[in-house]
1. Work out the FRET efficiency for VAL206 and ALA258 from their Cβ-Cβ distance, taking R0 = 22 Å, and round it to the nearest 0.05.
2. Run lengths n ≥ 4 of DSSP H only: what is the helix-derived mean residue ellipticity at 222 nm for the chain, with -39500 (n - 2.57) per run over all residues, to the nearest 500?
3. In nm, what is the difference between 0.36 nm times the number of residues separating ARG284 and ILE113 and their Cα-Cα distance?
4. I'd like the FRET efficiency for ARG46 and TRP172, computed as 1/(1 + (r/R0)^6) with the beta carbon distance as r and R0 of 22 Å, rounded to 0.05.
5. Modelling each spin label as a point 7 Å along the Cα-to-Cβ direction, I'd like the LEU2/ILE267 distance in nm, to one decimal.
6. To the nearest Å, what is the center-to-center distance of the range 100-116 and the range 263-286, using C-alpha atoms only?
7. Mean separation of Cα pairs under 8 Å and 6+ residues apart, divided by the residue count of the chain: what relative contact order is that in percent?
8. Between TRP57 and ALA195, what is 0.36 nm times their sequence separation minus the Cα-Cα distance? Round to one decimal in nm.
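Rule-based calculations on the coordinates, nothing more; no lab input. Because the structure is a prediction, the values reported are computed rather than measured. As a convention, Cβ positions derive from the backbone with ideal geometry for all residues, glycine included, and neighbour counts pool all protein chains shown.
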Amino acid sequence: MLTSLIWGVQAVVSRQSVADGLTAADVTILRFAVASLLLLPLALRRMRPFPVGRLGWRRAAILTALAGAPYALVLVGGAAFAPALHASVIVPGLIPVMTVALAFAVLGERPGILRMIGLAFVLAGIAAFGSQALGGAALGASGAGERAWIGDLFFVANAVMWSVFGLLARRWGTDAIDVTIATCLLSLLVLPVFALTMPMRISEVVWSAIALQAVYQGALVGVGALFLYTKSVELLGAARATLFLPLNPVVTALAGAALLGEYPSLIEVAGMLLVIAGMSVALRAR
């Protein structure tokens, strides 16, 4: 539940970064620089060999590619095109769908009928968001509305990446703390590449905007949410862990309206309710 709340507000904070003039590379670098600084003392004591520990270099590199800096770059990049609510519906909505599909294909875990019904509702709700985004593009909507479908594709990619991450974390029997530390520290290796090859405007932005992203994305998302999610996978399994997410869209809808002035359309509200209902049904399934 804590992960759900953190992720729900993250969509709004990521969207705010766009309004404040920060780029996706700016936010990603802030996130992992701060998270790594916070985790470094623990890493020096715990991780042998440093910085991957018991994960080993290969597994740590794979998990970092899926849930580290590349994941964050895609997520914040999507926020430049689509409203915050799209991220908070599409990513957590598709994660359980993709996880169940992958768990069945790779691990042979068969979902029950009730869970399948719930996930069907989730897909219907996400389809409503997709139709809204494509409709806005077809009608030539101005601003983010015209390009929301681009952001939606980014968020679909995020869902796939996170689903594979959760499945591998469970299959390899990873430790939540080791994964959190390794993905943050290994992400530092690609940050110079982002800085040299992507647009950056951090020097032009006020300090309050930088501090917001550093604290929320770095401490709460980069350390807190990743640890909590990996721990839930460790305790509950990949499929059930992803179902504790129905609060995400509600939190984002309220925060987005209050802080960003982004109000969902009727189609988006209907899609959000379908996704919430679907995740709630799937959560009750065995």
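1. 0.55
2. Values: 14 runs with 201 residues, N = 286.
Only helices count here, giving -23000 deg cm²/dmol.
3. Result: 60.4 nm gained on full extension.
4. Result of the calculation: an efficiency of 0.80.
5. Each label point is offset 7 Å from its Cα along the Cβ direction, giving 3.9 nm.
6. 20
7. Once normalised by length, the contact order is 39 percent.
8. On the way: separation 138, 0.36 × 138 = 49.68 nm, distance 2.40 nm.
My answer for the length gained is 47.3 nm.
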